[in-house]
Structures are given as C-alpha cells and as structure tokens.
Amino acid sequence: LVADQIFASSRVLDLGCGTGTLLEHLIEERGCSGTGVEIDPDAVLAAIRRGVPVLERDIEDVLVDVADDSYDTVVLSRTLQTMLRPEFVLKQMARVAERMIVSVPNFGYYPNRLRLLAGRMPVSREIPYAWYDTPNLRFTTLADLEDLFARLELGVDRRFTYTQRGRRLRIYGRLPNLLAGAAVYVLRPRS
C-alpha cells in the first residue's frame, strides 16, 4: 500500500527503512531514486546487500542536514511512535518533501483499550512488545495524531485504516479510531 502511494520516478527518502525492501521495490519496479535512513546496523547491512543507498544515522540528525524540497516523497513507516520528538520530525518531513507517507499503530484500537481496562499494557500484532522492551516512546490514537497533523498544518490527502489482521476498513469519521489496528496517511504541507 505504501509503495502504491508513491509516483513512478519519484525521489524518495525512507526514514527508518529497515532492511530496505520498500526502496528496493521502488527503485526496481517504479524507477524511483532514493535514500534510506536506518539506525540498526544489521538492517543497514541488509539494505546495503540489496543495493539500496542507506545512511546509518539517527532520523532527527539526518533531517536537519537535508535541504528544503530535496525529495518528492518522504516515508516514515511504523516509526513515528519511536521518535523522541515526533512534532519536529513531521515538521522536517514537510520541509524536505511535498508528500509524506506516515504509517502508525493505533493505540486507541478497542482491544488495546480493553487490555488497559483489565490493568495490562496492550500487546498485539501491531504492538508486539511488552512494556519493558518496547521501542515505542509515544502512544497515540488516530484522533490525537490527526489533531497533531492539523496543528502542524499538514493536510491529509488519504487515510487507509486496517484491522489487526491487515484487512482494510472502509469506514470513515472517528470510528476507525476505535476499530483500526493501524493506519497509513498520505500528507502534504498546507501552504
């Protein structure tokens, strides 16, 4: 789904690119050019083995060094919740690209809420970590995230929501905040 939101021949910056599978696909199948950013040394090595250009650096540090409008699309997939300064990251993404694709787990998903009511932190397919070993620093609902997008003047061009099993939900409004395990947003700076 993320790859389908990226136009052919785009310049792509993939933040938190992991092993580089998305960029590899975009380069080989869509004629894109791009760079990945990843902090995990094993994932960086895997991306290099795929032939994907990758920087082994912290996302926030890299974004400061990237010139305005250097890319057509910047991707942040399942990484925003691990950022120390998510607001800063989103602002920088809007500065370096005209389109942003952000995917996140939804901590407001109703089974997560029920688990909290039972006195336990949620552990699920979308949030597969125990509270003591999670890389997640920020826990957001889709409603809170969309409020942040509005405050940062980021327009939501498209929102795709999914169940825990990956089935696309075709519901709108605030209901996905309760029923979606995850979401993918296509954003653009309002100007």
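The values are calculated or read from the model by the stated rules, or taken from the named source; none is laboratory data. This one's a predicted model, so the numbers in the text were calculated from it and none came from an experiment. Methodologically, a virtual Cβ is constructed for each residue, glycine included, from the backbone with ideal geometry; neighbour enumeration extends over all protein chains shown. Each accessible area value is taken on the protein alone, full model and side chains, heavy atoms only, with ligands, DNA and RNA left out. Shrake-Rupley method; radii C 1.70, N 1.55, O 1.52, S 1.80 Å.
Observations on the model:
- Matching option when the condition is open to solvent by less than 40 Å² (accessible area, probe 1.4 Å), over 24 Å from V12 (Cβ atoms), of a type outside the set (A, V, I, L, M) and within 16 Å of the chain's Cα centre (by Cα), among T140, T35: T140
- Residue match in region 94-101 (condition: farther than 26 Å from L154 by Cα, open to solvent by 60 Å² or more (accessible area, probe 1.4 Å) and out of contact with any His (no Cβ under 9 Å at 6 or more places or on another chain)): no
- Looking only at region 9-42, and only at residues there that are of a type in the set (V, I, T) and assigned to a helix (DSSP H, G or I), the one that is nearest to A97 (Cα to Cα): I27
- Inside region 89-132, residues that are in a helix (DSSP H, G or I) and of a type in the set (G, A, S) make up a count of 1.
- Once region 177-191 is narrowed to residues that are open to solvent by less than 50 Å² (accessible area, probe 1.4 Å) and in contact with a helix residue (DSSP H, G or I) (Cβ under 6 Å, 6 or more places away or on another chain), the residue that is nearest to Y110 (Cα to Cα) is N177.
- Scope region 59-78; condition touching a strand residue (DSSP E or B) at 6+ places or on another chain (Cβ under 6 Å) and either β-branched (V, I, T) or not in a loop (DSSP other than H, G, I, E, B) (or both); matching residues: I59, V62, Y71, D72, T73, V74, V75, L76, S77
- Top-ranked residue of region 56-78 - restricted to ones that are in contact with a Cys (Cβ under 9 Å, 6 or more places away or on another chain) and either modelled with pLDDT of 95 or more or more than 22 Å from F7 (Cα to Cα) (or both), ranked as most open to solvent (accessible area, probe 1.4 Å): D72
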